[in-house]
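For reference, the structure is listed below as structure tokens.
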2 protein chains.
Amino acid sequence: MSIDNAKQLFTTVTDDGKLVLSVEPYDVPEPADHEVVVQMEAVPINPSDLGLLTAPADMNTVRSEEVDGHPALVADIDPSMMRIFAGRKGKKLAAGNEGAGKVVAAGASDAAQALLGKTVTIVGGEMYRTHRVMPAMMCVPLPEGAPAKEGASLFVNPMTAQGFVNTMRAEGHEALVHTAAASNLGQMLAKLCLKENIPLVAIVRSDAQKKILTDIGLPEGHVLDSSKDDFMPKLVDALAETGATLGFDAIGGGKMANYILTAMEQAAAKRGAEFSVYGSTVNKQVYIYGRLDTGDTILGAGYGLYWGVGGWLLTPHLEEVGMERMMEMRMFTVAERNGIFHSDYSSEISLMDMIDPDIAKAYEKKATGEKVLVNPSL
Amino acid sequence: MSIDNAKQLFTTVTDDGKLVLSVEPYDVPEPADHEVVVQMEAVPINPSDLGLLTAPADMNTVRSEEVDGHPALVADIDPSMMRIFAGRKGKKLAAGNEGAGKVVAAGASDAAQALLGKTVTIVGGEMYRTHRVMPAMMCVPLPEGAPAKEGASLFVNPMTAQGFVNTMRAEGHEALVHTAAASNLGQMLAKLCLKENIPLVAIVRSDAQKKILTDIGLPEGHVLDSSKDDFMPKLVDALAETGATLGFDAIGGGKMANYILTAMEQAAAKRGAEFSVYGSTVNKQVYIYGRLDTGDTILGAGYGLYWGVGGWLLTPHLEEVGMERMMEMRMFTVAERNGIFHSDYSSEISLMDMIDPDIAKAYEKKATGEKVLVNPSL
């Protein structure tokens with residue numbers, strides 16, 4: 001359809017070992033009967049977006065270049081990383097998991113027409129563009145008058161926080177452990193657990209992060225700083241008190257999962273579990289859902305055979321819970337958009353800002369809990 | 001009841017840091033109505049028995065001593081190990097998971113009386129003794145005329161091999177990987193998989209071990225020697241060919257689980273899985289069921305988030321499958337006692353031999369696939 005100045009961002013790993021983020025014209029397709037065209041006004045840059053945006057690149061080498069006639073950000077890729085990203089070579093990929101904007105055109109169906117003029121929150125990739133064509137049934141309208149910004153981040157982190165709780169209940173645990181717990185996701189999880197009376201042991205790495213979570217209302221003794229000398233005994237105490245036997249770890253590499261499992265086993269002993277050569281019979285599980293540390297995960301032999309470590313990812317989780325529960329979760333995120341699932345943004349940038357070398361270096365290295373918001377309509 | 005010369009073996013971690021294996025008189029209790037007295041004639045020493053028997057001790061220090069008036073084997077425990085075995089301090093524990101023998105006395109119930117004179121296979125610990133009192137309903141009789149030796153090892157390894165297949169089916173996998181695959185258990189698993197047409201990728205550590213499994217009938221290309229330079233590419237090929245996405249690992253420490261998951265991910269790519277920043281969506285699982293290497297388990301970051309590693313243990317597995325399936329599995333072990341679940345024994349020893357320093361050193365260090373049989377009635 002004819003929309004002036006529509007633009008989209010692409011991320012490409014080139015054959016000669018460079019990462020290119022380019023902003024190019026977008027020929028917005030005519031929506032089908034069941035579709036709408038959303039003019040994007042608020043798209044967050046989540047840690048999970050950085051995998052596509054900047055993960056392959058050595059960000060010390062970023063510079064502005066024109067590539068195939070389009071303005072672009074270019075950075076070198078370390079040759080050792082090229083093997084990992086070989087599957088992306090030569091493919092122009094769109095990025096941006098979620099966002100919000102206003103429906104400016106709609107197909108002929110009633111469902112599509114009903115959304116005209118409404119501000120909607122959406123998910124599905126390809127959000128770093130001025131316009132996104134979406135099936136009407138995948139758009140969740142915000143209440144009348146709510147700005148797009150309130151709907152920008154209502155999927156990835158809010159659904160993940162609720163997913164952790166779903167998994168906890170489905171697998172028979174009664175309390176949670178979370179690492180990198182002062183993150184945007186971590187703050188949402190803390191508020192959700194407080195509301196639902198789920199004991200949460202939150203692991204952070206500084207006094208400032210600890211304060212974020214105690215300010216939210218987590219008990220002092222359940223927010224533990226892993227950089228402190230008495231971390232392990234305090235972790236054992238908190239696990240014994242809460243009975244948490246399920247952890248979600250954003251770090252991945254190193255020994256954090258091992259510390260949690262070790263402490264869970266010692267906490268089980270404190271709670272009266274019996275001795276066996278195979279460890280206590282208390283089932284202990286840690287899911288790795290992020291890789292802040294991409295090094296090896298090191299697991300010791302100190303907790304018998306009743307344990308598991310594995311990857312956890314939102315998409316297969318939502319397939320597992322099914323459409324009905326998923327819609328229930330989405331409705332809850334909209335209702336709690338200014339409460340449990342509120343996000344703060346440290347700055348608001350345009351699509352062109354995303355390929356500015358200095359701005360890109362900054363959004364790639366945000367502090368814990370901070371996010372940048374992109375307004376593609378700027 | 002009055003039985004002359006009844007004896008039992010105890011394993012004790014003493015307060016002053018020694019391991020004591022003692023043979024002491026056993027006052028055999030009168031069987032209750034529902035119980036029988038089994039005169040034990042064949043009790044294997046499985047790797048899983050060594051955890052109680054010898055794991056705490058420095059076996060270079062074994063010597064004969066008299067302890068509290070009983071003949072005993074004594075060995076020092078390295079102080080660093082005492083923390084792990086602190087829960088055992090001062091407790092006289094019986095050992096021996098499984099075995100077989102003849103029913104020499106029975107309680108008044110019909111079920112118990114029906115077993116009088118029969119040779120039965122049993123499980124339940126405390127088998128290294130001349131007589132074991134058991135509930136009649138837990139005894140499975142061997143066919144008329146079958147010697148006790150044929151029923152000695154019909155639980156731990158046969159049920160574990162069947163358990164691996166249960167787990168494979170329950171979790172939606174279609175082929176298996178097994179490490180330390182030439183072990184007594186490994187040979188049973190190989191025969192079981194051949195019978196049930198389940199593709200099995202078997203990982204061994206020598207040409208001799210490889211020959212054991214190809215002689216059983218595993219295809220040459222599915223038996224891989226991890227000590228060879230081309231192990232990884234061959235493992236990827238075998239996994240791509242079989243589609244195995246579930247591994248059972250007896251080693252635990254080191255990088256074997258990591259190699260298997262890495263190769264599974266590469267095999268998934270070969271089989272056409274799509275690229276994603278979170279790895280392929282093929283679910284990859286490795287269960288650790290033994291700890292031949294008690295060092296750290298090292299997991300890399302090269303297979304995305306669709307993976308799991310965890311402990312696997314027979315007891316909770318059997319609780320999960322339920323009594324009916326478990327009895328079905330036991331009947332199958334008896335039927336296949338000279339086929340799929342046949343065990344060879346490299347020697348037959350007495351209860352007193354178990355506390356002989358030279359013999360103890362020998363049974364603690366059996367070669368792969370070899371087992372010693374104890375005949376407490378000798």
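The values are calculated or read from the model by the stated rules, or taken from the named source; none is laboratory data. A quick note: this is a predicted structure, and the numbers were derived from the prediction, not measured. Quick reminder, even Gly has a Cβ in these numbers, built from the backbone with ideal geometry, and neighbours come from all protein chains shown. For the accessible areas, the whole protein counts, side chains as well, though only heavy atoms, and no ligand, DNA or RNA atoms are used. Shrake-Rupley method; radii C 1.70, N 1.55, O 1.52, S 1.80 Å.
Take peptide B:290-299, look around each residue's Cβ out to 10 angstrom, count Cβ atoms belonging to other protein chains, and average those counts.
Average per residue, whole number: 4.
Just which residues of segment B:32-62 lose 10 Å² or more accessible area with every protein chain there, against their chain alone, with the probe set to 1.4 Å?
By number: B:Ser48, B:Gly51, B:Leu52.
Of all the accessible heavy-atom surface of segment B:153-213, with the other protein chains kept in place and a 1.4 Å probe, what percent is carbon and sulfur?
For segment B:153-213, the apolar C and S fraction of the accessible surface comes to 49 percent.
Once you have the Cα-Cα distance between A:Ser346 and A:Glu196, take 0.36 nm times their residue separation minus that, and quote the gain in nm to one decimal.
51.1 nm
Within segment B:80-155, which trypsin sites (Lys or Arg not before Pro) sit in a loop by DSSP and count at most 13 neighbouring Cβ atoms inside 10 Å?
Loop-located and lightly packed - B:Arg83, B:Lys91.
Between A:Ala208 and A:Ala32, what is the FRET efficiency for a Förster distance of 51 Å, r being their Cβ-Cβ separation, to the nearest 0.05?
Calculated value: 0.55.
Can you give the mean number of other chain Cβ atoms that lie within 10 Å of the Cβ atoms in peptide A:277-287?
Taking the mean over all residues of the peptide, I get 3.
Take B:Lys228 and B:Asp15, extend 7 Å from each Cα along the Cα→Cβ direction, and tell me the distance between the two endpoints in nm.
Rounded to a tenth, the inter-label distance reads 5.7 nm.
For B:Ala108 paired with A:Ala94, estimate the spin-label separation in nm (one decimal), with each label point 7 Å from Cα along the Cα-to-Cβ line.
Going from the B:Ala108 label point to the A:Ala94 one covers 8.3 nm.
Please identify which residues in segment B:66-110 have an amide N closer than 15 Å to a label point set 7 Å out from the Cα of B:Thr294, following the Cα→Cβ vector.
Output list for this probe position: B:75-89.
In nm, one decimal, shortest first: how far is the label point of B:Asn60 (7 Å from Cα along Cα to beta carbon) from the matching points in the other copies?
The answer, with the shortest distance listed first, is 4.7 nm.
With a cap of 16 neighbouring Cβ atoms within 10 Å, and only residues DSSP puts in a loop, list the trypsin sites (Lys or Arg not before Pro) found in segment B:163-246.
B:Lys228
Which whole-number value in Å² is the accessible area per residue of chain A, probe 1.4 Å?
So chain A comes to 41 Å² accessible per residue, rounded to a whole number.
Would you tell me the mean number of C-beta atoms belonging to other protein chains that fall within 10 Å of each C-beta in B:309-318, as a whole number?
Rounded to a whole number, the mean comes out at 5.
With the full set of protein chains in place, find how many percent of the accessible area of segment A:262-378 is carbon and sulfur; take the probe as 1.4 Å.
Accessible surface attributable to carbon and sulfur in segment A:262-378 totals 50 percent.
What FRET efficiency would be calculated for the residue pair B:Met59, B:Thr315, taking the C-beta separation as r and a Förster radius of 30 Å, to the nearest 0.05?
The calculated FRET efficiency here is 0.65.
Report, in whole Å, the centroid distance computed from the Cα atoms of segment B:66-125 and segment B:339-355.
16
Which distances, in nm and shortest first, link the A:Ser347 label point to the same label point in every other copy, taking 7 Å along Cα→Cβ?
Taking the point 7 Å beyond Cα along Cα→Cβ, the inter-copy spacings are 7.6 nm.
Can you compute the modelled spin-label distance between A:Arg169 and B:Met327, with each label point 7 Å from Cα toward Cβ, in nm?
Going from the A:Arg169 label point to the B:Met327 one covers 3.7 nm.
What total accessible area, in Å², is buried where chains A and B meet, using a 1.4 Å probe and rounding to the nearest 100?
Buried surface at the A/B interface: approximately 2600 Å².
Placing a label point 7 Å from Cα toward Cβ, how far apart in nm is B:Pro71 from its equivalents in the other copies, listed shortest first to one decimal?
From this label point to the equivalent ones elsewhere in the assembly: 9.2 nm.
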